[in-house]
Each structure stands twice: as structure tokens, then as C-alpha cells.
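Every read-out reported here was derived from the displayed coordinates using simple, explicitly stated rules and does not represent laboratory data. The structure presented is a predicted model; accordingly, all values stated were derived computationally and were not measured. FYI the Cβ positions are ideal-geometry reconstructions off the backbone, even for glycines, and counts take in every protein chain you see.
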């Protein structure tokens, strides 16, 4: 095969896979994208170059609770339960936010987090070293 034929074949294959991915991605429901995003957060390594800050953990926690339960349905934890109280307060701030909006915001927060990480880290190389589900799910949510 000539090099130009191989080059064109490569472009076709790339176009085919990009098109296929776009079709699959656009047909995914919000719930499926949200589930993929949640799984990414759950599978992130606890240590290493990519980890969530306490503030990000609080954001993901509160958005997850709002997306899966809705408005706060429990009493505020006592003053000596500092962490539980912060989590409850963060969730309470989302009161009135629809579950679908919370799911979209969760996905956006994850995408924003990876955009920021990509400024300082070769994410593609990092993804090769960790659970392949993270790489697959990032693609599913448009990363």
C-alpha cells in the first residue's frame, strides 16, 4: 500500500471512531453520564498526582446527594460533628436545585477538575497507569 493510501485510511478510521463515539455519547442519558462521572470519582486513586481537594470532595458530595436524594431530608448534625455538619451545610445550600441540574453540575465540576489537572499533568500518560474504567468513563462524559 502506498503511504498516501495508508494516510487516507488512517483518517477514515479516525473519522469513523470519532463519529461512532459522538453518536454513542449523544445518545447517552443524563443518568448514564452522571453514573459514569460518579464512578470516576469513586475510582480516583487516594494518593498521587490526581486527587480531589477537601473543597472538591465537599462539592461532589453535596451535588451527589442533591442528584440522588433531592433536598436535605435529615436534621443538621450537632456542633461536635464538624465534618458531618460541613457536608450537611454544603448539601443544604443546594436546596431547590433539581436533581437533573445537580447531575449536570456534578459532571461539569468533574470536567472542570480535569481541565485544571491537564494544565499541569500529562493526563493521557497518567490514564495509562490507572484503572481503565476511569479512561473509558472520561470519554463517556466528553473528556
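Give the peptides 54-66, 119-131 in descending order of average Cβ contacts within 10 Å, highest first.
54-66, 119-131
What does the convex hull of the alpha-carbon atoms of the stretch 28-140 project to on average, in nm²?
That works out to 7.5 nm², a quarter of the Cα hull's surface.
Residue separation times 0.36 nm, minus the C-alpha to C-alpha distance between residue 52 and residue 124: what's the value?
Full extension from residue 52 to residue 124 adds 24.1 nm.
Quick check for you: which residues of the stretch 55-69 have the amide N under 19 Å from the point 7 Å beyond the Cα of residue 29 toward its beta carbon?
Zone members listed by number: 64-69.
What is the calculated FRET efficiency for residue 39 to residue 71, with r their C-beta to C-beta distance and R₀ = 30 Å, to the nearest 0.05?
Numbers: r = 25 Å, r/R0 = 0.82.
Once rounded, the FRET efficiency stands at 0.75.
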